[in-house]
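Engineer: This is the structure I want to talk about, given as structure tokens.
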Amino acid sequence: MAGGTREVLTLQLGHFAGFVGAHWWNQQDAALCAPTDAREPPGELCPDVLYRAGRTAHGQETYTPRLILMDLKGSLSSLKQEGGLYGDRQLDAAIAWQGKLTTHKEELYPQNPYLRDLLSAEGVLSSDGIWRVKPIPNGKGPPPLPAAIAPRPLIPTESSIRVWSDFLRVHLHPRSICMIQKYNHDGEAGRLEAFGQGESVLKEPRYLEELEDRLHFYMEECDYLQGFQILCDLHNGFSGEPQKNIYRLLNTAFGLVHMSAHSSLVCPLSLGGSLGLRREPPVTFPHLHYDATLPFHCAAILATALDTVTVPYRLRSSPVSMVHLADMLNSSGKKVVTAAATIPFPLVPGQSLPDALVQLGGATAWTPLSACGDPSGTCFAQSVVLRGLDKACHTSRLAPGTRLPSPLHACDTGEDVLAQYLQQQQPGVRSSTHLLLAPCKVVPPYPCLFSPSLSRHGLLLDGPPLGAGTWVAKGRESSHCMCDQREARKSTAVESIPVLGALCSSSTSGRALGDLARELGKLDVRRWASFMDAGVEQGDVEEALQELGSLAQCYQGGDGLAD
């Protein structure tokens with residue numbers, strides 16, 4: 001990358017953020033593996049943006065996430081707070097004690113099968129069950145050693161997954177995990193359930209100094225830190241546990257206000273239908289079957305969307321910096337954006353991208369992922385990424401003299417097809433588009449959410465018959481993309497999928513913020529003394545209400561706001 005790596009430091013704050021983050025890092029790890037076929041060329045994304053190279057005390061090279069995460073007591077299961085990569089930090093000498101001893105035993109959690117014995121002095125256990133030295137991208141690590149067969153790790157069952165660390169397959173640096181011991185992850189007592197509790201935690205010197213120390217450690221080794229991406233629970237004290245809907249509303253309001261004040265861009269991520277008190281049914285996907293009550297399922301879907309919409313600032317060639325991406329989307333103070341995705345992007349073997357987009361229709365066919373209600377509002381700006389399609393499918397190769405079924409079929413490149421599609425659907429909207437060959441990896445422990453109608457690479461096998469997606473004009477059938485027809489005969493587990501993801505600045509955000517402000521304004525917060533006792537005062541509520549209204553007004557004016 002010209003000018004050196006533009007590093008990003010990731011912060012994960014809260015337990016659901018940990019679930020999303022675990023899936024996110026698992027997908028990054030899967031993408032680091034060598035491509036298995038010609039459709040997945042290496043090098044489109046630069047892993048150094050998210051990862052750092054290091055070395056253990058024994059001289060072993062490591063490659064770990066540039067990550068700081070905060071969670072509560074009981075959330076690590078068998079994972080050690082210092083991680084298992086750099087060895088135990090033990091005292092060199094035992095301390096002699098002449099007094100009485102009392103032994104306390106705690107129930108041992110089952111060890112994460114993905115981290116169990118993952119490292120040895122010789123190498124790591126790769127996702128294919130082969131023991132090898134893991135090379136560091138860009139030639140920074142040693143080449144793979146001759147492989148020695150090792151047992152494939154057990155896949156944790158969904159019923160066995162209690163916390164995010166149960167399925168994390170990536171080793172973390174000792175400075176990544178910061179535990180808040182004064183609050184419990186589960187149980188009836190000692191819960192972090194109010195914004196004021198979370199706000200007060202970082203006022204304590206112990207946690208403030210620990211966080212600052214970790215920030216300095218990661219920031220000072222960066223050559224060009226382009227910014228921070230923060231995954232933060234919005235419904236509980238980390239936004240500042242959702243045992244009460246009123247608490248959820250208050251935490252969400254305070255969280256959005258404070259995050260907007262201290263960041264360039266904020267995007268709520270949720271499979272729910274509403275941020276307010278009225279709970280709407282969860283969103284649906286035509287080719288996914290998930291349990292909305294399982295964080296393991298919901299977080300996997302959100303991580304897949306996140307892995308797609310963050311592509312622009314992780315590109316190896318011609319990246320769009322975080323600053324430029326935010327500037328494009330947050331004009332006139334519109335800092336709250338929405339996310340949407342098509343997971344997987346529906347492509348039948350034999351179809352071209354123009355065929356698929358014509359069948360997909362407008363942006364309303366995308367699944368909204370920000371719990372902001374009806375997504376059909378006015379769009380002001382958007383960043384759209386489509387990934388995972390064979391290059392041969394990007395355009396439609398029409399037979400000479402064939403009438404064009406749509407203007408999309410006349411485009412010369414896939415990038416032009418996607419840009420033309422967005423211009424047709426939303427004329428005049430400022431759009432940034434990226435088209436990648438690399439798909440999203442969904443290998444275990446990613447949950448089995450996919451319809452049996454999908455092929456190993458996420459193509460639709462129960463769609464229109466092969467050729468039905470082509471166009472017929474004047475008795476002549478147009479030629480079309482000859483994607484691997486053998487996909488139709490495969491019935492193996494889905495390993496990768498094409499995904500369309502988008503970040504959008506639209507009036508939908510303004511409407512959701514306005515609705516949230518109106519609900520907050522109707523509350524008599526004095527009835528919720530426990531929330532106020534956590535450190536929030538009446539004046540804070542009134543200020544948050546005013547700030548929500550100001551954020552909502554940013555989406556009004558010349559651009560118009562559809563009420």
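The values are calculated or read from the model by the stated rules, or taken from the named source; none is laboratory data. Small disclaimer: the values here were computed from a predicted structure and weren't measured. Ideal geometry is used to build each Cβ from the backbone, glycine not excepted, and the neighbour counts take in all protein chains shown. The protein model used for the area step is the full one, side chains on, heavy atoms only, and it has no ligands, DNA or RNA in it. Shrake-Rupley method; radii C 1.70, N 1.55, O 1.52, S 1.80 Å.
Engineer: Say R0 is 22 Å: what FRET efficiency, to the nearest 0.05, do Glu221 and Cys33 get from their beta-carbon distance?
Structural biologist: 0.30
Engineer: Once ligands and nucleic acids are excluded and a 1.4 Å probe is used, how much of Met259 is accessible, expressed in Å² to the nearest 10?
Structural biologist: 50 Å²
Engineer: Continuing with this model, one more query. Please list Tyr247, Tyr224 from largest to smallest accessible area, probe radius 1.4 Å, with all protein chains kept in place.
Structural biologist: Ranked list, largest accessible area first: Tyr224, Tyr247.
Engineer: Also, quick follow-up: Of all trypsin sites (Lys or Arg not before Pro) in segment 395-434, which ones are in loop regions per DSSP and have a Cβ with at most 15 other Cβ atoms within 10 Å?
Structural biologist: Qualifying residues, ordered by number: Arg397, Arg403.
Engineer: Based on the mean of other beta carbon atoms within 10 Å per residue, what is the order of 447-460, 329-342, most packed first?
Structural biologist: Result, highest mean first: 329-342, 447-460.
Engineer: If I take R0 = 56 Å and measure r between the Cβ atoms of Gln81 and Gln424 in this structure, what FRET efficiency does the formula 1/(1 + (r/R0)^6) give, to the nearest 0.05?
Structural biologist: Result of the calculation: an efficiency of 0.60.
Engineer: Taking θ = phi - 60°, what integer Hz values does the Karplus form 6.51 cos²θ - 1.76 cosθ + 1.60 yield along segment 48-57, in sequence order, with x for Gly and Pro?
Structural biologist: Coupling constants for segment 48-57: 5, 4, 9, 10, 10, 8, x, 8, 6, 5 Hz.
Engineer: So who's got an amide H within less than 5 Å of the one on Ser270, skipping anything under 5 residues away but keeping other chains? H placed 1.01 Å off N, in plane.
Structural biologist: Here the answer is Ser370, Ala371, since their amide H atoms fall under 5 Å of that of Ser270.
Engineer: Could I have the simple spin-label model distance between Glu543 and Leu211, label points 7 Å from Cα toward Cβ, reported in nm to one decimal?
Structural biologist: 1.7 nm
Engineer: At 7 Å along the Cα-to-beta-carbon direction for both Gln553 and Arg278, put a label point, then send me their distance in nm to one decimal.
Structural biologist: 2.6 nm
Engineer: List the residues, sorted by chain then number, that are 5 or more residues from Thr433 or on another chain and whose placed amide H is less than 5 Å from its amide H.
Structural biologist: Val384
Engineer: Follow-up. Please give, to one decimal in nm, the separation of the simple spin-label points placed at Ser406 and Ser159, each 7 Å out from Cα toward the Cβ.
Structural biologist: Going from the Ser406 label point to the Ser159 one covers 4.6 nm.
Engineer: What's the FRET efficiency of Leu294 with Ile230 using the Cβ-Cβ distance as r and R₀ = 35 Å, to the nearest 0.05?
Structural biologist: Once the sixth-power term is evaluated, E becomes 0.90.
Engineer: Check which residues have an amide H placed less than 5 Å from Thr62's amide H, if you skip close sequence neighbours.
Structural biologist: For Thr62, the qualifying residues are Gly54, Arg55, Thr56.
Engineer: Related question: Could you work out how much longer the chain between Arg518 and Ala399 gets when fully extended? Use 0.36 nm per residue separation minus the Cα distance between them, nm to one decimal.
Structural biologist: 37.1 nm
Engineer: Still on this structure: Among the listed pairs Lys73/Lys334; Lys73/Lys335; Lys80/Lys441, give every one whose C-alpha distance is greater than 29 Å.
Structural biologist: Listed pairs above 29 Å: Lys73/Lys334; Lys73/Lys335.
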